[in-house]
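Report on the following structure.
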Ligand SMILES: Nc1ncnc2c1ncn2[C@@H]1O[C@H](COP(=O)(O)OP(=O)(O)OP(=O)(O)O)[C@@H](O)[C@H]1O
Ligand SMILES: [Mg+2]
């Protein structure tokens, strides 16, 4: 089995894509061989690496439906050791196309089963709880949950954890949570620190010690088609994602 990590939270705009792009980049910078699978029809991971979205079956859409050999659509990025399967807008239709298929919730798992040459495969998941995300959860051994430090952060987590539990009870018994990641932390805003301590009180060791600060360099970087680590390695955003990569690897060793 390849080592597959889904970056998932059904809430939109919480930092899933930013985490997929920057954690993957930080890990390849320390010598890991990493593949990122962009499963979001919005394709923000794809453009986040300065690449154009794929077309039709030549993308994660074909891989998800089991119609394309993933090795035929893996693209190099300009980061050495970092590869991507790009997204396409066609993915938006995949939910409906999957619906009538046998093994509709295991298509992706079957498709990427023998991609063992990567140390890690990260899946950037779309928001929501559709069949794309059920496929992502079934194909993964672990998940990272980015959580934005804002008032409604905890809302929806219970639903996410109950979905994870039902995936465990059915097809993917060994699915584990690598960690919950606090994102867009604003130290000038007392709400941020209240949310952070609430989440830590509730989820304890499940929460990464590393916190991703709100940092304008992160959003600038994505608009330039670059991971923040390459855009401004000295920025607080870049430093925090490098720290996250170290902590993630520590957790892997345990
Ligand atoms: N730490 C941060 N500091 C500042 N801006 C950030 C930070 N993290 C993410 N952003 C910005 O917030 C927006 C949402 O982030 P991102 O796209 O990573 O979220 P997402 O969970 O993938 O969203 P979606 O659910 O739509 O896929 C983006 O414009 C991104 O550049
Ligand atoms: Mg996204």
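In table form, for the structure just shown:
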quantity	calculated
Matching helices (runs of 4 or more DSSP H) fully within region 151-254 where at least 2 residues are under 27 Å from residue 135 (Cα atoms) and in contact (Cβ under 8 Å) with a residue 24 or more places away in the chain	157-170, 236-253
Criterion violated by residue 96 - all others in (1) outside any loop (DSSP other than H, G, I, E, B); (2) within 16 Å of ligand 2 (Cβ to nearest atom); (3) out of contact with any helix residue (DSSP H, G or I) (no Cβ under 8 Å at 6 or more places or on another chain) satisfied	(2)
Count - residues of region 156-179 that are surrounded by fewer than 19 Cβ atoms within 10 Å (Cβ to Cβ) and within 16 Å of residue 15 (Cβ to Cβ)	2
Filter result (part of a helix (DSSP H, G or I) and within 16 Å of ligand 1 (Cβ to nearest atom)) within region 1-38	16, 17, 18, 19, 20, 21, 22, 23, 24, 25, 26
Within region 99-136, considering residues that are within 16 Å of ligand 1 (Cβ to nearest atom) and not in a loop (DSSP other than H, G, I, E, B), the one farthest from residue 11 (Cα to Cα)	122
Region 138-150: number of residues that are buried (at least 19 other Cβ atoms within 10 Å of the Cβ), part of a loop (DSSP other than H, G, I, E, B) and under 14 Å from the mean Cα position of the chain (by Cα)	1
Residues located in region 187-208, provided they are over 12 Å from residue 153 (Cβ atoms) and either within 16 Å of ligand 2 (Cβ to nearest atom) or in contact with a helix residue (DSSP H, G or I) (Cβ under 6 Å, 6 or more places away or on another chain) (or both)	208
Count - residues of region 39-53 that are assigned to a loop (DSSP other than H, G, I, E, B) and in contact with a helix residue (DSSP H, G or I) (Cβ under 6 Å, 6 or more places away or on another chain)	3
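Table: residues versus (1) within 16 Å of ligand 2 (Cβ to nearest atom); (2) touching a strand residue (DSSP E or B) at 6+ places or on another chain (Cβ under 6 Å); (3) closer than 14 Å to residue 123 by Cβ; (4) free of Cβ contacts under 8 Å to residues at least 12 places away in the same chain.
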site: 4; (1), (2), (3), (4): no, yes, yes, no
site: 19; (1), (2), (3), (4): yes, yes, yes, no
site: 37; (1), (2), (3), (4): yes, yes, yes, no
site: 47; (1), (2), (3), (4): yes, no, no, no
site: 65; (1), (2), (3), (4): no, no, no, no
site: 81; (1), (2), (3), (4): no, no, no, no
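Residues checked against (1) at pLDDT 95 or above; (2) under 19 Å from the mean Cα position of the chain (by Cα); (3) crowded, with 18+ Cβ neighbours inside 10 Å:
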| position | (1), (2), (3) |
| --- | --- |
| 31 | yes, no, no |
| 39 | yes, yes, yes |
| 58 | no, no, no |
| 68 | yes, no, yes |
| 71 | yes, no, no |
| 85 | yes, yes, yes |
| 96 | no, no, no |
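The values are calculated or read from the model by the stated rules, or taken from the named source; none is laboratory data. Only a predicted model underlies this, so the values are computations on that prediction, with no experimental measurement involved. Here the Cβ is made from the backbone with ideal geometry for all residues, glycine too, and neighbour counts use every protein chain on show.
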